[in-house]
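Visitor: Sharing a structure below in structure tokens format, with a few things to ask.
The values are calculated or read from the model by the stated rules, or taken from the named source; none is laboratory data. Not measured: the values here are computed from a predicted model. All Cβ positions, even for glycine, are placed from backbone atoms using ideal geometry, and neighbour counts span all protein chains on display. Side chains included, ligands, DNA and RNA excluded: accessible areas come from the protein's heavy atoms. Shrake-Rupley method; radii C 1.70, N 1.55, O 1.52, S 1.80 Å.
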Amino acid sequence: MNDPTNKAIGKPLDRVDGRLKVTGAARYAAEFPLKNMAHAVLVQSAIAKGRITNIDTSAAQKSPGVLAVITHLNAPKLASPQSGGGDSSGGDAQVTAANAQSGESGSAGGENPFEKPVPVLQSDQINFYGQHIGVVVAETLEQARHAATLLRVTYREERPATVMAANLANAYKPQSLLIPLKPDTQRGDIQGGLKAADVQVDHTYTTPNEHHQPMEAHATTAVWDGGQLTLYDSSQNVNGVQKTVANTLRIPPENIRVIASFVGGGFGSKYPVRGHTILAAIAAQQVKRPVKLVVTREQMFTSVGFRSHSSQRIRLGAKKDGKLTAISHEIHTQTSVFEEFIEHVGVATPMLYDTQNLLVTHRGVRLNLPTPTIMRAPGESPGMFAFESAMDELAYALKLDPIELRLRNEPERDLEKGLPWSSRSLVESFRQGAKSFGWERRNPEPRSMRDGRYLIGMGTATATYPTNRMPSSAKVRLLADGSAQVYLAATDIGTGTYTMLTQIAADALGIPTERVRVEIGDTKMPRTPGSGGSWGAASYGSAVQSACVAVRAKILGMARLDPRSPLKGLSNVGMDIREGRIFSKRDSSRGETYQEILARNNLKVTEAEVESTPDEAAKKYSMHAFGAQFAQVRVDPDLGMVRVTRFLGTYGAGRILNPKTARSQMIGGIIMGIGMALHEETVVDDRYGHFVNHNLGEYHVPVHADIPAIEAFFVKENDPHVNPLGIKGVGEIGIVGVAAAVANAVYHATGKRIRDLPITPDKLL
Amino acid sequence: MKLFAYTRATEQDVAVNTVSRNQSAKFIGGGTNLLDLMKENVEQPNQLIDINSLPLSKIEVTRNGVRIGAMARNSDVAYNAIIQERYPLLSQALLAGASPQLRNMATVGGNLMQRTRCYYFYDTAMPCNKREPGSGCAAIEGFNRIHAIFGASDQCIATHPSDMCVALAALDAVVQVQGPKGDRQIPITDFHRLPGDTPQIDTVLQHGELITAVDLPNLPFAKRSHYLKVRDRASYAFALVSVATALDIENGIIRAARVAMGGVAHKPWRAVAAEEILVGAKVNQETFRAAAEATVKEAKPQKHNKFKVEMAKRAIMRSLTEVGEMA
Ligand SMILES: Cc1cc2nc3c(=O)[nH]c(=O)nc-3n(C[C@H](O)[C@H](O)[C@H](O)COP(=O)(O)OP(=O)(O)OC[C@H]3O[C@@H](n4cnc5c(N)ncnc54)[C@H](O)[C@@H]3O)c2cc1C
Ligand code: SF4
């Protein structure tokens, strides 16, 4: 039998969950109407460093409707990250997998940072402004919110360090980064390479603190039934939540069920478990009722992570013809004083272009701020802003077209890993993208293009994101009516997981997509990794594919051996399936349906559960998606206002399962990238250590009026190596390089190089 | 949020008397500002008098100009044909503010009374003389990119955030008020205050006084007007700097001029110095530059908003140029 009959894959199938979402029938974490629900509200510290000397809860306790006030004085003792969880078996699966996947020995030390206990309310110590110091539970949300304002907290305050630039002297070299990239990467002779250059570029670029702020606020509804805990959690990683909560509360993971059927965006902030989930569980235990805890928009600025500020010095050296002789990328980012998260900002630099001499370093600064976390394309997103801006500067210094510069430095293989590319469509993306965009109309001279009083600029940049895959399981049931059910723990954070798994299952079983029902977002289902690293399609998809193949094989096996079946004796390759009917390739009249086979065998259902693990591909190939981003901007030269008037992205991302949802991912990434380029910045007031603009009125993300028509398309790319389905993943590459393309366009328009994001009007005056 | 009583008023007198009798009572219009402030515990009234049912939402032509009822929605004013024809800068200013949803709720009275967007004012954990007199001003030594460059005090450097009010200032509008002791009229430029030593008081409106209407005087040359807003994103952001301009031009000479600015002071800022230079001068870039420079001469920027001085200058010039180029 031919492997996937491939009728649904590649089609722009509408979201299968679309109707549920637009009609409001899709239930999110805070929307499960449970009887007897109590409401919890977080209380946060109003200092960034010091100790709580007293919390007077008497007024709050007496406030109407209050059921519990929990602080460090009466919170249950929890596991600490140092002590490790209760049970760590299996806990390392994901990170070790990531190591295997990248083909490097991990520096992450084997411990999965996303399953470590999350201690909350364990001491009087305050490490950052907005730290959770209590939770108030009441009959109604209003009562809880009011009572939360009645806590009287006194502190012994110490001077915090909250701004990286002021604390660079305390920078340190981290033990490890999140992914298996060493803090320092070096090859060749960087000084020699710079000396050998005809032209050099040496600049420092910065990206600010940025917040994810997905549409759906983080929320947890916690319900205890004896020793069993159910968490309806706004999460992109249900198995991770299960494990982390188990480790923190020191109960067996089997006693915890985590449900995240629908998630309103995550962008990384919903990957790790945060304190509020633990607090909801504790609160529900204490009041012996279901408890709902919704993190407010303002609290999301301090409770669920953010993207660290980065400062990046880039030095490039090149010969007159553009050949790079040296690339140096020295990075500073911040972490918190109590946990380490150093973003792998330089991750793409070593492999992107052809150079013998390279240096990438990561240094961290510990600050009294919340711990940063992963945010859409962690690493590449800030790193490629700096690197690709510098490449543009180099192109100008060389008087070379920026695309030509990249083409002249196209590497034959991944020089860092010493591996061939599984496939690499950067050149093709630039070629097709430039053509569609009309790059040839660009006069390279800065300030040379105008539209009335406005300056026009065009800029471009490379996009890239690694192809990851994780072990994942899935269960598929084929029912007597010939329809299929697909079960796995995976989440759909808006990317289209439901839809693409429906397509994969339909093709693998040879049935129409309407006959497939996918159920995900529940730890009761087979274990999967969370939605992150753009590995969802490759990991979940491979598992569903194998499970379907297993079910199909079982059924066909039955038929082939059954004298009553018209398929008796046929070999696998001699058969084909269409619309749920299996038939002989030679004689299509010879065949029967799944229903017929199951009915004859008195089976209500045939099922298979598989675990699908990555093969050795990552050891043999360097696997990445690549793309080219193109921006056109219009700048008001007097007032400094920038509008992106056109954007086009072209990507080679392997096989595209669903061009509609994939394109939406690209467009979403580009919009987020435009926000990064022009708007997003969370400002810290060093005196108090708080995020000053902690609401969506003052933390600007793009609005409709900021977003032009966006074009995004994929170049044809057939990658036989990455995974059986040839998928590279599309969740993150869309944002990578966008900010650089915009900044490069702004330079082209104005002759002003903005190296510090975001590009607000004041910087262009 | 504190518990509060809520009453819907159907008569102006009752509304005024109810609020006058209770120091902690407030009128509520569209609620787009007041409810946010209550949720953040910045304001904690114990009684709300809903004035949405009062018959005060008409927009009508009067002998001296146009009267806009205090309860008219921002969107209704913006899209009113008479306003669009006679006072285009007002329509433009309204449409430059907030979002369609907010404008559909926001009333003219509420817009006049909206409070500053200073970050520290909204955050009850921070000192703020406007919210809590005597507690200090967190913005002066803090992050003050969006703050005032004109007329600030060492007690408060906040700005008034309204776009509409900037246009009203350029038009010399008059605010009609009904109080417990009768009616009075307040010229718009006297309506909002500078912070001085009492930044907690935004306007000269007394407790219990109800805004009933805003009168726009006849100003034929206001047809030739423009509202320019410089902001951090294309929509849905408060002004870094804004300028409302109207010019009366005859034979290339400016006979009368109105210039008002937003985002730069505790009140809509009439650029009197600019107007003085403009009147009688020729329509050209030198005139506009001189007017712009005269305006920013008295600017006193803060640490993070020095750019506003240059931005204000350029915005004035741009706005004057736009109006100067109009037929
Ligand atoms: C996200 C956001 C963005 C915004 N962006 C902008 C912007 O870009 N530009 C801009 O100009 N504005 C902006 N606004 C502010 C908006 O214009 C105001 O919130 C609105 O005009 C207030 O009108 P309201 O009727 O809702 O007032 P309410 O919230 O009902 O009341 C505000 C105050 O006015 C008092 N009040 C109301 N009516 C009367 C009356 N008749 N007499 C006496 N007192 C009265 C109330 O007691 C209260 O103190 C924004 C608001 C939000 C929430
Ligand atoms: S500027 Fe005014 S509103 Fe802002 S903190 Fe200072 S006193 Fe308060």
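Visitor: Please compute the contact order of chain A in relative form: average sequence separation of alpha-carbon pairs under 8 Å and at least six residues apart, divided by the residue count, as a percent.
Guide: Averaging sequence separation for qualifying contacts and normalising by length gives 17 percent for chain A.
Visitor: Scan around A:R366 for amide H atoms under 5 Å from its own, H built in the peptide plane at 1.01 Å from N, and keep only partners 5 or more places away or cross-chain.
Guide: A:T335
Visitor: OK, next. Per residue, how large is the accessible surface of chain A? Use a 1.4 angstrom probe and give square angstrom.
Guide: 35
Visitor: To the nearest hundred square angstrom, how large is the accessible surface buried between A and B, total for both chains, probe 1.4 angstrom?
Guide: Interface area, both chains combined: 2900 Å², rounded to the nearest 100.
Visitor: Just checking the output field for B:227-233: average partner chain Cβ neighbours within 10 Å of each residue's Cβ?
Guide: 6
Visitor: Note down the nm distance, to one decimal, between modelled labels 7 Å out along Cα→Cβ at A:Q356 and at B:R289.
Guide: Taking the simple label geometry, A:Q356 and B:R289 are separated by 5.6 nm.
Visitor: Show which aspartates and glutamates lie in cross-link reach of A:K604 when reach means a straight Cα distance below 20 angstrom and same-chain residues fewer than eight apart are skipped.
Guide: Reachable aspartates and glutamates: A:D481, A:E514, A:E519, A:D562, A:E579, A:E592, A:E596.
Visitor: Between region A:617-695 and region A:24-50, what is the separation of their alpha carbon centroids in Å?
Guide: Using only Cα atoms to place each centre, the spacing works out to 30 Å.
Visitor: Follow-up. Could you check the spin-label model distance between A:Q595 and A:D615? Points 7 Å from the Cα along Cα→Cβ, value in nm.
Guide: 3.7
Visitor: Which order do the peptides A:176-182, A:653-659 take when ranked by the mean count of other beta-carbon atoms within 10 Å per residue, highest first?
Guide: The packing order, highest mean first, is A:653-659, A:176-182.
Visitor: What nm distance separates the two modelled labels at B:R8 and A:T296, each placed 7 Å from Cα along Cα→Cβ?
Guide: 2.8
Visitor: Span-like helices, chain B: DSSP H, alpha-carbon axial extent 15 Å or more, mean Kyte-Doolittle -1.0 or greater, which ones?
Guide: Once both thresholds are applied, what remains is B:285-296, B:307-325.
Visitor: Using the Karplus curve 6.51 cos²θ - 1.76 cosθ + 1.60 with θ = phi - 60°, what ³J(HN,Hα) values do you get for each residue of region A:285-296, in whole Hz, with x for Gly and Pro?
Guide: These are the phi-based 3J(HN,Hα) values: 5, 5, 8, 6, 9, x, 10, 10, 10, 10, 6, 6 Hz.
Visitor: A further question follows. What order do you get for A:326-334, A:45-53 when each peptide is scored by the mean count of other beta carbon atoms within 10 Å, highest first?
Guide: Ranking, from highest mean packing down: A:326-334, A:45-53.
Visitor: Heavy atoms only, probe 1.4 Å: what % of the accessible area of region A:200-269 goes to carbon and sulfur, would you let me know?
Guide: Solvent-exposed carbon and sulfur of region A:200-269 make up 48 percent of the total.
Visitor: Take chain B, connect every pair of alpha-carbon atoms lying under 10 Å apart with a spring to form a Gaussian network, then pick out the residue of B:N305, B:N111, B:N284 with the largest mean-square fluctuation.
Guide: Between B:N305, B:N111, B:N284, it is B:N284 that shows the largest mean-square fluctuation.
Visitor: If you don't mind, there's one more thing I want to ask. Using a 1.4 Å probe on the protein heavy atoms, what percent of the accessible area of region B:1-74 belongs to carbon and sulfur?
Guide: Percent of accessible area from carbon and sulfur atoms in region B:1-74: 47.
Visitor: Over region B:221-324, with every protein chain in place, what whole percent of the accessible area is carbon and sulfur at 1.4 Å, could you tell me?
Guide: C and S fraction of accessible area: 49 percent.
Visitor: Counting each DSSP H run of 4 or more residues in chain B as -39500 (n - 2.57), what helix-only mean residue ellipticity at 222 nm follows after dividing by all residues, to the nearest 500 deg cm²/dmol?
Guide: The helix contribution divided over chain B gives -8000 deg cm²/dmol.
Visitor: Now, a different point. State whether chain A is rounded, prolate or oblate according to the following rule on the C-alpha gyration tensor (a ≥ b ≥ c being the square roots of its eigenvalues): a/c under 1.5 gives rounded; otherwise a/b larger than b/c gives prolate, and the remaining case gives oblate.
Guide: Taking the square roots of the gyration eigenvalues as a ≥ b ≥ c, chain A is oblate.
Visitor: Collect residues whose amide H, placed 1.01 Å from N in the peptide plane, falls under 5 Å from the amide H of A:N209; neighbours closer than 5 in sequence don't count.
Guide: The answer is A:H309, A:T682.
Visitor: Along region A:484-497, what does the Karplus equation 6.51 cos²θ - 1.76 cosθ + 1.60 (θ = phi - 60°) give for ³J(HN,Hα), rounded to whole Hz, x for Gly and Pro?
Guide: Those phi angles translate into 10, 10, 10, 10, 6, 6, 2, 10, 10, 9, x, 7, x, 4 Hz.
Visitor: For region A:718-740 and region A:118-196, what is the centre-to-centre distance using only Cα atoms, to the nearest Å?
Guide: After rounding, the separation between the Cα centres reads 31 Å.
Visitor: Residues of region A:342-379 with backbone nitrogen within less than 20 Å of a virtual label 7 Å along the Cα-to-Cβ line of A:R159, please, listed as ranges.
Guide: A:365-369
Visitor: Continuing with the same structure: Name the lysines eligible as straight-distance cross-link partners of A:K243: C-alpha to C-alpha under 22 Å, and not fewer than 8 places from it in the same chain.
Guide: A:K77, A:K116, A:K270, A:K292, A:K475, A:K524
Visitor: Using θ = phi - 60° and the Karplus curve 6.51 cos²θ - 1.76 cosθ + 1.60, what whole-Hz ³J(HN,Hα) does each residue of region B:97-113 get, with Gly and Pro shown as x?
Guide: With coefficients 6.51, -1.76 and 1.60, one gets x, 6, 9, x, 4, 5, 5, 5, 9, 4, 9, 5, x, x, 5, 4, 9 Hz.
Visitor: Rounded to the nearest whole Å², what accessible area per residue is found for chain B with the 1.4 Å probe?
Guide: Ligands and nucleic acids excluded, the result is 40 Å² per residue.
Visitor: Taking accessible area as the heavy-atom solvent-accessible surface of the protein chains with a 1.4 Å probe, which residues of region A:678-703 lose no less than 50 Å² upon going from the isolated chain to the full protein assembly?
Guide: Output list: A:R687, A:Y688, A:V692, A:E698, A:H700, A:V703.
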